[in-house]
1. Have a look at Q69, Q49 and point out the one that is among the polar types (S, T, N, Q) and part of a strand (DSSP E or B).
2. How many residues does segment 82-99 contain that are surrounded by 17 or more Cβ atoms within 10 Å (Cβ to Cβ) and either part of a helix (DSSP H, G or I) or at pLDDT below 95 (or both)?
3. Does segment 64-79 contain any residue that is modelled with pLDDT under 85 and either out of contact with any helix residue (DSSP H, G or I) (no Cβ under 8 Å at 6 or more places or on another chain) or not acidic (D, E) (or both)?
4. List pairs: first in segment 70-83 and free of Cβ contacts under 8 Å to residues at least 60 places away in the same chain, second buried (at least 17 other Cβ atoms within 10 Å of the Cβ) and part of a strand (DSSP E or B), Cβ under 6 Å, 6+ apart or cross-chain?
5. Name the residue that is farthest from Y32 (Cα to Cα), counting only residues in segment 56-99 that are touching an Asp or Glu at 6+ places or on another chain (Cβ under 9 Å) and of a type in the set (S, T, N, Q).
6. Which ones in segment 20-56 are at pLDDT below 95, among the small types (G, A, S) and surrounded by 10 or more Cβ atoms within 10 Å (Cβ to Cβ)?
Amino acid sequence: MNQKQVESSDQVQEAQLQALAKWGVQDSNQKYDWLQKITQPVLVTNGVQDVMVPTENSYILTENLPNAQLIIYPDSGHGHLFQYPEQFAKHVNQFLDSK
């Protein structure tokens, strides 16, 4: 299977890095009200020991999305979907089947 990999520009890469860095900063004044506008069902997954996207951010995201479901995988990091492939696939299928 040959998949085409689309290169992103330096500008896009920089914007993504800035967004990730900002997301990782705990700021009590930061507002997440705009997330309330997202009514589509969302499955949020994370590894309990994720250092790239701190697990706490998944809790914040889930608390602010009105229709979100959170699954935290034990003893795993950013690659939780590769560390628990069968469970991850099962959870994704259950989520999609329920919507």
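The values are calculated or read from the model by the stated rules, or taken from the named source; none is laboratory data. What you see is a predicted model; the values in this text were computed from it and never measured. All Cβ positions, even for glycine, are placed from backbone atoms using ideal geometry, and neighbour counts span all protein chains on display.
1. When all the criteria are applied, what remains is Q69.
2. Final tally of qualifying residues: 2.
3. No, that holds for no residue.
4. As it stands, the answer is I71/T45; I72/N46; Y73/G47; S76/G47; G77/G47; H80/G47; H80/Y73, since those pairs meet every condition given.
5. In this case the residue turns out to be Q83.
6. G24 - this is the single residue of segment 20-56 that is at pLDDT below 95, among the small types (G, A, S) and surrounded by 10 or more Cβ atoms within 10 Å (Cβ to Cβ).
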